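No value in this document is a laboratory result; all are computed from the given coordinates. Just so it is clear, the structure is predicted and the values come from calculations on it, not from any experiment. Cβ sites come from the backbone with ideal geometry, for glycine too, and all protein chains shown count toward neighbours.
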Amino acid sequence: MEPKDPHKEPTPTGEQQFLEAYDKYSDALFRYCYYRVFDREKARDCVQEAFSRTWKYLVDGNTIDNIRAFLYRTANNIIIDASRKQKSSSLDTIMEKGFSPSMDPREKTQDYLAGKELIKLVKTLDEKYRDVIILKYVEDLSTKEISFILNETENNIYVRISRGLKKIKKILKNQEIRFSEQQKEKKHV
């Protein structure tokens, strides 16, 4: 077997697939990485590394059936490796650094406040529920893609999403009950 040339190009279809994937998924992959590491530079590094590894995989003559899922799984593995090497940041960091795509300032403020509340809710979930909720509802990935990324069965992913949503609904219901009780107390005072 001959040694592989590191400067070798992938097949034309592989190159086209890679370029299309970069255009289509780089921003979403950045958001996913950012929500996992809560640091812009680390998220950029993760995205760059995920695309680099994907390119190398294609250059080595391999094919990828679902490049979106492949990229997310690669990014997920990079994040896991990095978290094993160093202590992870807290979810509060995202609120302090304020990830905010450009839009109307009023919408931006409303979205920031809603996002801040959502982050508080998601923060209360166990990691296994938090990750699938972010992948499903923030990154809009299918259950099949999430199962590939996390190397779990589709059934496990479906159950985690369902349980995570039930936990969020329970938290919201408890907050609503506390709020209405507070309102009743204010009326009686």
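Annotation: amide H-H contacts under 5 Å for Ser142 (H modelled 1.01 Å from N, sequence separation of 5 or more, or interchain): none. Computed from backbone phi with θ = phi - 60° and the Karplus coefficients 6.51, -1.76 and 1.60, the 3J(HN,Hα) list for the stretch 156-166 is 4, 5, 4, 5, 5, 4, 4, 5, x, 5, 4 Hz; x is used for glycine and proline. Can you flag which of Lys85/Lys166; Lys56/Lys144; Lys24/Lys173; Lys56/Lys85 are past 27 Å Cα-Cα? Check vs 27 Å cut-off fails for Lys85/Lys166; Lys24/Lys173.
3J(HN,Hα) along the stretch 14-19: x, 5, 5, 4, 5, 4 Hz, from the Karplus curve 6.51 cos²θ - 1.76 cosθ + 1.60 with θ = phi - 60°, whole Hz, x for Gly and Pro.
Measuring r between the beta carbons of Asp27 and Lys184 and using R0 = 30 Å, the FRET efficiency lands at 0.05. For the stretch 139-148, putting each phi into the Karplus relation 6.51 cos²θ - 1.76 cosθ + 1.60 with θ = phi - 60° gives couplings of 8, 6, 8, 6, 4, 4, 5, 5, 5, 5 Hz, in residue order, rounded to whole numbers and with x for Gly and Pro. Highest average first, the peptides 127-133, 172-178, 67-73 ordered by how many other beta carbon atoms sit within 10 Å of their residues are 67-73, 127-133, 172-178.
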